[in-house]
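Some notes on the structure that comes next.
The values are calculated or read from the model by the stated rules, or taken from the named source; none is laboratory data. Since this is a predicted model, take the numbers as computed values, not measurements. Positions of Cβ are backbone-derived with ideal geometry, glycine not excepted, and every protein chain shown enters the neighbour counts.
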Amino acid sequence: MSEMIKLTFRDAAGQAQTVEVPPHGTVMEAAMLNNIAGIVAECGGGCSCATCHVYVDQEWLDRLPAPAPEESDLVEFLDRAQPNSRLSCQLELNPDLDGLTVQTPPDQT
Ligand code: FES
């Protein structure tokens, strides 16, 4: 069995929840498995709904692969887009992401 990694989800009020997940799948899938509030994922990871939007902590931003054009195009139209906005269904987990911290937007319920 592969080693688990830790992911931390912080809500807009600053409440943090850390979960342990296997280092595969996506950040969105890890959130769904752990019932993280604020990640809805209506399209199930199809990169078309943007209800899996998160803000990635600055220290992790450069350690993630750049977004594909489909992701960038969707994020561009979000009201609450910030430079550190990503779609969590497009963030593939791997062992190097142990400790990754993201914040969920206030309006995503
Ligand atoms: Fe729909 Fe990520 S789950 S865009």
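Annotations for the structure displayed:
- In region 44-61, the residues that are among the hydrophobic types (A, V, I, L, M, F, W, C) and loosely packed, with under 15 Cβ neighbours inside 10 Å: LEU61
- Subset of region 57-72 [within 16 Å of the ligand (Cβ to nearest atom) and under 14 Å from LEU7 (Cβ atoms)]: LEU64
- Set side by side, the residues VAL75, VAL56 differ, and just one is of a type in the set (Val, Ile, Thr) and in contact with a Lys or Arg (Cβ under 6 Å, 6 or more places away or on another chain), which is VAL56.
- Unique residue being assigned to a helix (DSSP H, G or I), β-branched (Val, Ile, Thr) and within 15 Å of the ligand (Cβ to nearest atom) when the list is VAL75, VAL54: VAL75
- When residues of region 80-91 are limited to those that are part of a loop (DSSP other than H, G, I, E, B) and out of contact with any Phe, Trp or Tyr (no Cβ under 8 Å at 6 or more places or on another chain), the one surrounded by the most Cβ atoms within 10 Å (Cβ to Cβ): LEU91
- Here LEU93 does not fit the description of being in contact (Cβ under 8 Å) with a residue 24 or more places away in the chain, among the aliphatic types (A, V, I, L, M) and more than 16 Å from the ligand (Cβ to nearest atom).
- Residues of region 25-39 that are modelled with pLDDT under 95 and either buried (at least 16 other Cβ atoms within 10 Å of the Cβ) or acidic (Asp, Glu) (or both): GLY38 alone.
- Residues located in region 88-109, provided they are small (Gly, Ala, Ser) and closer than 12 Å to PHE9 by Cβ: SER88
- Condition check for LEU64: among the hydrophobic types (A, V, I, L, M, F, W, C), under 15 Å from GLN103 (Cβ atoms), modelled with pLDDT of 95 or more and surrounded by 10 or more Cβ atoms within 10 Å (Cβ to Cβ): yes
- Residue match in region 92-105 (condition: modelled with pLDDT of 95 or more, touching a helix residue (DSSP H, G or I) at 6+ places or on another chain (Cβ under 6 Å) and assigned to a loop (DSSP other than H, G, I, E, B)): no
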